[in-house]
Amino acid sequence: MQSGDERALGTFYDRWYPIVNGLVARMLKSADDVEDVVEETFWQVWRQSDRFAEGRGSVQTWLLTIARSRALDRLRATRRRREDSIDEDGGENLASLAEASFSTATNDPSLAVEHNERSRLIKVALGELPQEQREALELGYFKGLSQSEIAERTGQPLGTVKTRMRLAMQKLRDRLSPLREVAR
Amino acid sequence: MIPELSHEEAFAALEAAALDALDATERDAVLAHADNCESCRGELAALRETVAQLAYAASFPSEATPDSRDRIRSRLTARAAADARVRGIVVERKPELTSRQYQAIRARINVLAWRRAEWLALAASVLLIVGVGVMASVLRDRENLKDALVGATASTQRSQRTTDSLRTLVMSQDSLINGITGRDVAMVQLTSTATRQPKAMMFWDHSRNGWTLIAHNLPMPRAGRTYQLWLVTPAGKINAGTFMPDTSGAAMVRATYALARDSLSAVAVTDEPAGGMPQPTGQMVILGSATK
């Protein structure tokens, strides 16, 4: 991609479309928004491919950070525009969502197996978190709420929200360290 | 104007920064600190790797139709090709054949193919006789190999899952052992005068900023209450998390928090409302002074 070959972008897109589309579709309600944000994500990858530095992290982290940032931008803009209530969001949670399968989103069986295995391990790790810590993580990650907004929404003191989020992240980091190594 | 944070303040906010869950001012302050602090920068990068993994917990909607996927793909590659042209990028590719060149090559191949056909027909007759016998044997072997492959694949996948689980467990245990037996670990003993005489030891791994509390004989808190662990410093009391003991009164709490070596005055556990409090409000359950 760094040499300007659009076929490389196509190959990259085929490899990563399922996970990017899954993440963005989980965060946004409108199918049009999802399609726009997925395209924006890969376009940003194309335009900024020369900025990716392998030593600073994995391709996966770089790509998914871009995807989530673009989705959060869209989510927050939509909220501001419509003064949309976050309570309208569905009642799904991270652990139950991990039940879903990649097999419908990719034609590559080996990729589907890898994704499903990752999804399974993450589900186990999330399932081990106390419910209140998992909730803080969900609201921050998928709903894009800040800690202050989470405190306001849950009626908990800000310090408690900060503690829950820290503990959840520390536990997840411990549990998922084998996955981080293979993502490189 | 971006407010300046101390290392401890910035370090404590790195998890939220990795999740992009800080308000804008605080986020800018944390990122400004991380730009100039190698340990915070490394910690933030590692936390972002963890955050990225959470994408795999999202659903993968079946309504993501091939139409949508192909539509985006076509638009992207067309935009990329146009962009490359605008930027004057020339990608070296093998030249594609014109239709006339392609037809000429096909015709030449056909001529050569016919010349060889007579010889090939003779050879094929001989090979056919031999081949039928060989093929029957090969087909049997192939079926056997296929069965063996299916069995081996399933076995490998089971082994991989077991290995992943064990690796996670071993890493967790290693981390715990390092946190209480490492070279740079300080220990604080916590005691109480309560009837049940709960006891606890806090291990502080300076090199990893790791804290491990191991407690015994703790009574179960009342309904709606929890225990909360505090690091007491001259500057204030730092919340190190809430926890509950098991039915035997034992508990273990692990936390990561960067603190200067000489700034710990004591370690304390208090009884607080469920979910914890920003500052201690409840009864002291157990306390230990940090000896310098």
(message) At R0 = 45 Å, how high is the FRET efficiency between residue B:105 and residue B:145 if r is their beta carbon distance? Nearest 0.05 is fine.
(response) 0.70
(message) Order these by the 10 Å Cβ neighbour count, fewest first: A:12, A:142, A:52.
(response) A:52, A:12, A:142
(request) Counting other beta carbons within 10 Å of each Cβ, put B:109, B:72, A:19, B:180 in order, fewest first. (result) B:109, B:180, B:72, A:19
(message) Of the candidates B:264, B:14, B:149, which one comes out as most mobile in a Gaussian network treatment of chain B with C-alpha springs shorter than 10 Å?
(response) B:149
(request) Give a residue-ordered list of calculated ³J(HN,Hα) values for segment B:37-46 (Karplus: 6.51 cos²θ - 1.76 cosθ + 1.60, θ = phi - 60°; whole Hz; x for Gly, Pro). (result) 10, 5, 5, 5, 5, x, 5, 5, 4, 5
(message) Would you work out the Kirkwood radius for segment B:185-289? I mean one over the mean of 1/r across all pairs of different Cα atoms, in Å.
(response) 13.7 Å
(request) With everything on Cα atoms, drop me the angle between helix B:24-35 and the longest principal axis of chain B, reported from 0 to 90° to the nearest 10. (result) 80 degrees
(message) For a quick check, take a GNM of chain B with Cα springs below 10 Å and name the residue from B:215, B:84, B:274 with the largest mean-square fluctuation.
(response) B:84
(request) Can you tell me the 0 to 90 degree angle between the C-alpha axis of helix B:66-86 and the longest principal axis of chain B, rounded to 10? (result) 80 degrees
(message) If neighbour count is taken as other Cβ atoms inside 10 Å, put A:120, A:70 in order from fewest to most.
(response) A:120, A:70
(message) Quick one: 3J(HN,Hα) in Hz for segment A:153-159, Karplus 6.51/-1.76/1.60 with θ = phi - 60°, rounded, Gly and Pro as x.
(response) 5, 8, x, 9, x, 4, x
(request) Divide, for segment A:1-51, the radius of gyration over alpha carbons by 2.2 N^0.38 Å, where N is the residue count. (result) 1.18
(request) Please label the shape of segment B:7-52 as rounded, prolate or oblate, based on the square roots a ≥ b ≥ c of the eigenvalues of the alpha-carbon gyration tensor (a/c under 1.5 means rounded; beyond that, a/b larger than b/c means prolate, else oblate). (result) oblate
(request) Per residue of segment B:169-180, in order, report the coupling 6.51 cos²θ - 1.76 cosθ + 1.60 (Karplus, θ = phi - 60°) as ³J(HN,Hα) in whole Hz, putting x for Gly and Pro. (result) 5, 5, 5, 5, 5, 4, 4, 5, 4, 4, x, 10
(request) With springs connecting C-alpha atoms under 10 Å apart, model chain B as a Gaussian network and identify which of B:18, B:250, B:121 has the largest mean-square fluctuation. (result) B:121
(message) So, R0 is 22 Å and r is the distance between the beta-carbons of residue B:248 and residue B:193; what FRET efficiency does that work out to, to 0.05?
(response) 0.55
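We did not get these values from a lab; they are worked out from the coordinates using the rules stated. Just so it is clear, the structure is predicted and the values come from calculations on it, not from any experiment. Don't worry about glycine lacking a Cβ; one is built from the backbone with ideal geometry, like all the others, and counts go over all protein chains shown.
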